[in-house]
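Each remark here refers to the structure printed beneath this line.
The values are calculated or read from the model by the stated rules, or taken from the named source; none is laboratory data. Only a predicted model underlies this, so the values are computations on that prediction, with no experimental measurement involved. With ideal geometry, Cβ positions are generated from the backbone for all residues, glycine too; neighbour counts draw on all protein chains shown. Note: areas computed on protein heavy atoms with side chains; ligands, DNA, RNA excluded. Shrake-Rupley method; radii C 1.70, N 1.55, O 1.52, S 1.80 Å.
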Amino acid sequence: MLDPDNAAALVGLAVVGLFASLSAASDEREALLTKAEASVKRALALSPNFALAHLILGNVFTFTNRAME
């Protein structure tokens, strides 16, 4: 079970979701990106200066056409 207070594990989960979304069908892709975003936002709530989390969130925003956020 994933520790919900482990920022690094949450970012890792987001990375897996992000990369899995690249080869997923469109409905599944949206669900994977939504989960990745939730994981990385939780990681940033725990560790606001986690640079990798910011990078992954930027990638999620790019892949969901929200790069300007």
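For the chain, the Cβ-based charge dipole about the Cα centre amounts to some 120 debye (Lys, Arg positive; Asp, Glu negative; other atoms uncharged).
For the stretch 1-52, the solvent-accessible area with a 1.4 angstrom probe is 63 square angstrom per residue.
Of the solvent-accessible surface of the chain, computed with a 1.4 Å probe and all protein chains present, 61% belongs to carbon and sulfur.
Taking the structure as given and computing P(r) over Cα pairs in 10 Å bins from 0, in percent, which label from (i) 23, 57, 19, 0; (ii) 20, 48, 30, 3; (iii) 24, 54, 20, 1 fits? After the calculation, the listed value that fits is (iii). Relative to the current alpha-carbon distance between Phe19 and Thr62, full extension at 0.36 nm per residue lengthens the span by 14.2 nm. In order along the stretch 50-62, the phi-based Karplus estimate (6.51 cos²θ - 1.76 cosθ + 1.60, θ = phi - 60°) of 3J(HN,Hα) comes to 6, 4, 4, 4, 5, 4, 5, 4, x, 5, 4, 4, 4 Hz; Gly and Pro are listed as x. Taking label positions 7 Å along the Cα-Cβ direction at both Glu30 and Ala8, the computed distance is 3.6 nm, reported to one decimal.
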